[in-house]
Amino acid sequence: MPERPLLVFPVARRIEPEAGRPRPTGKPHVPERGRQAARLAPQVALFREEFQRYSASIRQSVAGLEPETVLVIEIAGSVKDFKQAVDGTDGLEWLGEWDVEDDADDDFYEVNDRGERRQVSVAGRLFISMVNEAGMRELLGLWDTWQRGQALPHGRTKWRDVFAQARVIRRWGIQETLNETGMLARWRELIEPLDDGAIVPCQIELFYRQRPERRRANEDAIRSLTAELDGAPLGGFIDMPPINFHAVKVGLPAGRVRDLIGALDDGRVDVDAQLFNFQGVMYVRPTGQAIPSDGEAEPEELEFAEAEDVAPPVVAILDGVPNTQHAALRGRVQIDDAFDLARLYQPGERRHGSSMASLVIHGEQPGGDSALARQVYHVPVLQPDEHARGFGHRREHVPDTAFLEDRVERAVRRMLEGDGDLAPQAPGVRFINLSIGDPDRPFIHSPSPLARLLDYLAWRYKVLFCVSAGNFTGPIDLGLTHAAFSALAPAERDARVVRAISGQLSARRLLAPAEALNVVTVGALHADESGAYVPGLRANLVDQVNVFSPATRFGHGFRRSMKPEIFLAGGRQLYDTPVAAGQSYTPSLQLRAPGQRVAFDSDAPGELSHTVHTRGTSNAAALATRAAAFIHEALGEVRTIDGQPLQADKESVAVKALLVHSARHDEGTAGLLRAALRTPENGRKFREITGRYLGYGALDLQRVLECTEQRGTLVACDDISENEIHEYRLPLPVELSASTLWRRLVVTLAWFSPMNFAHRNLREARLDVQPVGKWEDVPLRLGRVNADHNQVLRSTVQHEVLEANDLIAAFVDGDTLAFRVTCKADATAHLDEQIPYALAITLEVGEGVAVPIYTRLREGIRQQVRVAA
């Protein structure tokens with residue numbers, strides 16, 4: 001046990017909520033009724049005509065199917081409780097909503113308090129609902145009533161606001177079904193070399209219907225319409241009610257796909273392919289998650305200590321099959337081959353799972369005494385791809401006959417709950433590593449089905465997923481030849497690389513499921529412990545240490561939340577030097593230093609101690625999972641002042657809080673970003689820009705394993721209900737009174753939230769922690785640094801870093817700083833569940849300063865316990 005373990009807050013004091021006044025929400029300028037009616041009338045007429053044509057054509061293709069269409073209404077501003085209005089309208093079914101932003105024009109624009117036009121984009125919402133023929137008649141009747149200036153019937157008045165604020169009324173179209181997902185671009189690449197009869201796979205995601213019989217009818221329609229194109233489903237449908245996910249993978253002849261692309265290129269929207277016009281289809285996407293092939297291997301042997309007395313697992317890995325006989329993994333991995341995938345692998349193909357297990361168990365320095373004291377539970381969810389090879393072996397993927405969502409859900413349920421008569425296989429698991437991203441699903445505006453699944457599972461089982469942000473495998477164009485780039489000063493080289501990366505941000509969005517809200521998403525630092533290396537024909541583009549990896553992906557997350565939250569070492573990624581006058585650098589795939597040394601599955605018989613060097617956000621996420629295991633062990637030794645352990649059912653949320661709590665912005669990297677990217681135009685939002693590249697910072701594990709005399713950390717765990725307030729009091733060391741010492745306060749609140757996947761906010765529970773009074777008014781006179789104060793409130797982790805070195809207010813021994821944790825309903829009218837949360841607060845001064853922070857915090861907590869008793 002460390003000399004100065006983490007301290008534990010006494011039980012929170014419950015505070016009665018004050019009567020609050022709702023914050024007024026401004027509305028943008030919208031046209032007057034006559035102008036708005038004239039604007040929308042052609043859109044409504046077109047919507048009606050398209051529905052009539054679609055109804056006639058779909059009846060001919062699918063016998064007995066009730067014609068329906070998807071109504072899309074994009075409004076400026078917001079309309080409260082519109083879902084209830086849709087649900088109360090005959091013939092309409094609510095499908096969802098999300099936030100949108102559009103450029104201002106003369107009809108729609110934001111205004112200030114004086115009614116003056118502001119030069120900003122207009123925030124709004126997009127509503128989607130299913131409409132049948134009865135609903136169409138009802139909708140048109142409401143429209144006619146509104147445009148004549150008459151009062152709408154009782155229960156329909158929300159439609160008045162929607163018509164007044166609507167920018168667009170239209171039908172869900174084939175272009176967004178195919179274009180938004182990148183499917184058309186992918187098809188153009190795939191079909192060019194293929195014969196017309198070659199089968200091209202794709203994934204069809206259906207609008208999620210609340211009635212099971214409607215979902216079954218849509219399945220029948222998809223089968224029929226796919227057969228019309230001489231295609232067929234590649235497997236069964238997936239139907240997951242908890243996350244509103246309904247989909248199937250189908251194979252279509254390349255010739256039919258070629259015809260579709262030709263029709264769209266000719267400007268024909270109503271193409272002769274009812275499958276893509278069918279209004280049950282939300283998106284058509286590329287299929288499958290896959291692990292990119294490794295490069296040339298030059299393995300090195302390494303000795304590993306034998307596993308002895310390893311405890312049951314608290315960490316699980318969902319990945320490819322590992323080589324459990326490798327010296328690094330033997331006796332340390334509890335494999336559960338739930339999907340019978342191990343038999344599909346050949347020697348030398350068990351690579352990604354082996355490397356992830358190696359990093360989780362041993363970290364960056366395998367072979368030493370740093371191995372976890374517990375086994376790791378490993379469920380394979382990937383398998384070799386018969387049709388894709390690289391560098392002599394098959395890559396690992398999810399086949400077109402299966403869904404990763406299904407495998408992950410079944411694996412976690414089997415692990416923690418059991419499956420049928422099968423008992424839970426690893427009920428002690430609290431942390432799950434998922435280092436698999438979907439390169440065909442970069443985050444745009446709404447979370448992917450896999451992200452929604454992780455959010456659901458994290459809440460249901462109170463487990464923490466550590467998820468990789470995803471790798472950017474494309475080239476970086478620096479606009480200089482290699483000779484010219486090499487001639488620059490190191491600082492100029494780094495700034496040029498950062499500016500090149502900033503120009504690629506749209507291509508560097510998070511890969512699903514990294515956008516999930518209940519998880520911790522991990523980005524990669526350009527760092528490792530492999531030491532010196534032989535560069536060969538490879539270039540290190542970044543000289544500065546602890547900067548983000550040139551191969552990592554960035555946020556923002558859902559609703560511009562902070563993603564990734566934390567960064568860990570992901571290995572130094574080198575780039576192949578361009579030849580001659582080339583200016584584009586491509587990632588080197590060589591499995592030699594630099595990088596992180598991991599177990600390697602050799603295809604040579606009997607070779608069970610080979611290692612190679614790898615890089616990427618998968619590695620960083622594995623190290624984050626390993627850090628979670630160490631924090632878990634440290635928390636097992638933490639006791640309250642009266643000797644009680646922390647609540648066992650809060651272990652995962654406590655570790656979630658402490659993982660983020662340990663993160664810090666690297667000053668050198670922050671300075672590099674300012675030098676490369678800051679301008680007079682973006683200065684006011686530069687904290688949010690910085691957060692996009694750095695998250696909450698790089699993990700510093702030691703800070704949350706133990707304290708120092710100049711740094712003390714207190715933790716608390718509890719459950720909170722809607723509108724409750726929990727108050728905690730941080731003792732103030734009297735030595736700080738009226739001084740000008742530099743001080744830092746770090747406050748982190750983490751929780752797991754239930755999700756409402758039909759609501760634009762998703763997150764049902766909105767927690768926050770604030771001091772009693774403003775930060776600048778509390779005795780320590782603190783100011784925020786690093787993150788934007790609004791951005792930290794958008795996910796399920798709030799992380800505040802505050803510093804100052806000016807005059808501290810005078811206070812007396814025994815004074816405290818009060819913090820209040822509050823809970824509000826967000827994506828729900830009422831929050832029925834209690835929400836588990838963890839709070840971590842660290843107070844520190846400079847190392848070596850003669851102020852006994854830790855001692856004073858411990859004494860103050862003891863005094864609070866005595867008074868409460």
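Things worth noting here:
- If you go through region 830-869 and keep only what is under 35 Å from the mean Cα position of the chain (by Cα) and exposed (fewer than 15 other Cβ atoms within 10 Å of the Cβ), you end up with H830, D832, Q834, G846.
- Exactly one residue among R39, R53 is farther than 21 Å from R125 by Cα and in contact (Cβ under 8 Å) with a residue 40 or more places away in the chain, and that residue is R53.
- Any hit, region 188-208, residues being assigned to a helix (DSSP H, G or I), exposed (fewer than 15 other Cβ atoms within 10 Å of the Cβ) and either modelled with pLDDT of 95 or more or within 27 Å of the chain's Cα centre (by Cα) (or both): no
- Filtering region 114-127 to residues that are of a type in the set (A, V, I, L, M) and touching a residue at least 60 places away in the same chain (Cβ under 8 Å) leaves V122, A123.
- When each of L264, L275, L225 is tested for being closer than 14 Å to C202 by Cα and touching a residue at least 24 places away in the same chain (Cβ under 8 Å), the lone residue that passes is L275.
- Of all residues in region 552-593, those being within 24 Å of the chain's Cα centre (by Cα) and surrounded by fewer than 22 Cβ atoms within 10 Å (Cβ to Cβ) number 4.
- Of the listed requirements (1) touching a residue at least 60 places away in the same chain (Cβ under 8 Å); (2) within 23 Å of A12 (Cβ to Cβ), V867 misses just one: (1).
Residue-by-condition table, conditions (1) more than 14 Å from H393 (Cβ to Cβ); (2) of a type in the set (K, R):
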position	(1), (2)
A290	no, no
E306	yes, no
V310	yes, no
G320	no, no
R332	yes, yes
F339	yes, no
R343	yes, yes
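- Yes/no for S753 being surrounded by 19 or more Cβ atoms within 10 Å (Cβ to Cβ), touching a strand residue (DSSP E or B) at 6+ places or on another chain (Cβ under 9 Å), closer than 27 Å to N682 by Cα and among the hydroxyl-bearing types (S, T, Y): no
- Q596 satisfies every condition listed in (1) closer than 13 Å to G695 by Cα; (2) surrounded by 24 or more Cβ atoms within 10 Å (Cβ to Cβ) except (1).
- Every residue from region 440-470 that is among the acidic types (D, E) and buried (at least 24 other Cβ atoms within 10 Å of the Cβ): D455
- Residues of region 121-140 satisfying the condition of being assigned to a strand (DSSP E or B) and either within 15 Å of R156 (Cβ to Cβ) or not basic (K, R) (or both): V122, A123, G124, L126, F127, I128, S129, M130, V131, N132
- A787 more than 30 Å from I75 (Cβ to Cβ), in contact with a Gly (Cβ under 6 Å, 6 or more places away or on another chain) and in a loop (DSSP other than H, G, I, E, B): yes
- Test: residue in region 730-753 that is under 30 Å from F245 (Cα atoms) and modelled with pLDDT under 95: no
- Any hit, region 119-135, residues being over 30 Å from G280 (Cα atoms), of a type outside the set (V, I, T) and touching an Asp or Glu at 6+ places or on another chain (Cβ under 7 Å): yes
- Hits in region 27-54 (condition: within 28 Å of R216 (Cβ to Cβ) and crowded, with 18+ Cβ neighbours inside 10 Å): F47, F51, Y54
- Put simply, of A512, A516 the only residue that is of a type in the set (A, V, I, L, M), assigned by TED's automatic domain parsing to the domain that holds L478 and touching a Gly at 6+ places or on another chain (Cβ under 7 Å) is A512.
- Candidates V333, V250, V314, V321 - the one that is more than 29 Å from R430 (Cβ to Cβ) and in contact (Cβ under 8 Å) with a residue 12 or more places away in the chain: V250
- Of all residues making up region 373-413, the number that are buried (at least 22 other Cβ atoms within 10 Å of the Cβ) and of a type in the set (F, W, Y): 2
- Qualifying helices (runs of 4 or more DSSP H) (wholly inside region 644-721; at least 2 residues being farther than 30 Å from V542 by Cα): 651-661
- Residue match in region 771-782 (condition: of a type in the set (G, A, S), part of a loop (DSSP other than H, G, I, E, B) and surrounded by fewer than 23 Cβ atoms within 10 Å (Cβ to Cβ)): yes
- Check on L140, farther than 16 Å from A166 by Cβ, among the aliphatic types (A, V, I, L, M), surrounded by 13 or more Cβ atoms within 10 Å (Cβ to Cβ) and touching a residue at least 60 places away in the same chain (Cβ under 8 Å): no
- Test result for T713, among the β-branched types (V, I, T) and farther than 30 Å from V845 by Cβ: no
- Residue list for region 786-808, filter: among the hydrophobic types (A, V, I, L, M, F, W, C) and in contact (Cβ under 8 Å) with a residue 60 or more places away in the chain: A787, V792, V797, V801, A804, L807, I808
- Residues that are in contact with a Leu (Cβ under 9 Å, 6 or more places away or on another chain) number at least 3 in the following strands (runs of 3 or more DSSP E) confined to region 227-346: 245-253, 281-285, 311-319.
- Selection from region 155-175 of residues that are in a helix (DSSP H, G or I), within 18 Å of R125 (Cα to Cα) and in contact (Cβ under 8 Å) with a residue 40 or more places away in the chain: K158, W159, D161, V162, F163, A164, Q165
- Answer residue from region 239-296, given it is out of contact with any helix residue (DSSP H, G or I) (no Cβ under 8 Å at 6 or more places or on another chain) and hydroxyl-bearing (S, T, Y) and is modelled with the highest pLDDT among those: T287
- Residue selected from region 804-819 under the condition out of contact with any Phe, Trp or Tyr (no Cβ under 7 Å at 6 or more places or on another chain) and assigned to a strand (DSSP E or B), by the criterion modelled with the lowest pLDDT: A804
- Considering (1) closer than 20 Å to W751 by Cβ; (2) surrounded by fewer than 18 Cβ atoms within 10 Å (Cβ to Cβ); (3) modelled with pLDDT under 95, the lone condition that A827 does not fulfil carries the number (2).
- Restricting region 414-432 to residues that are within 22 Å of R374 (Cβ to Cβ) and without any contact (Cβ under 8 Å) to a residue 60 or more places away in the chain, the residue that is surrounded by the fewest Cβ atoms within 10 Å (Cβ to Cβ): A423
The values are calculated or read from the model by the stated rules, or taken from the named source; none is laboratory data. Computed from a predicted model, the values in this text were never measured in an experiment. Neighbour counts are summed over all protein chains in view; Cβ atoms, including those assigned to glycine, are modelled from backbone coordinates with ideal geometry.
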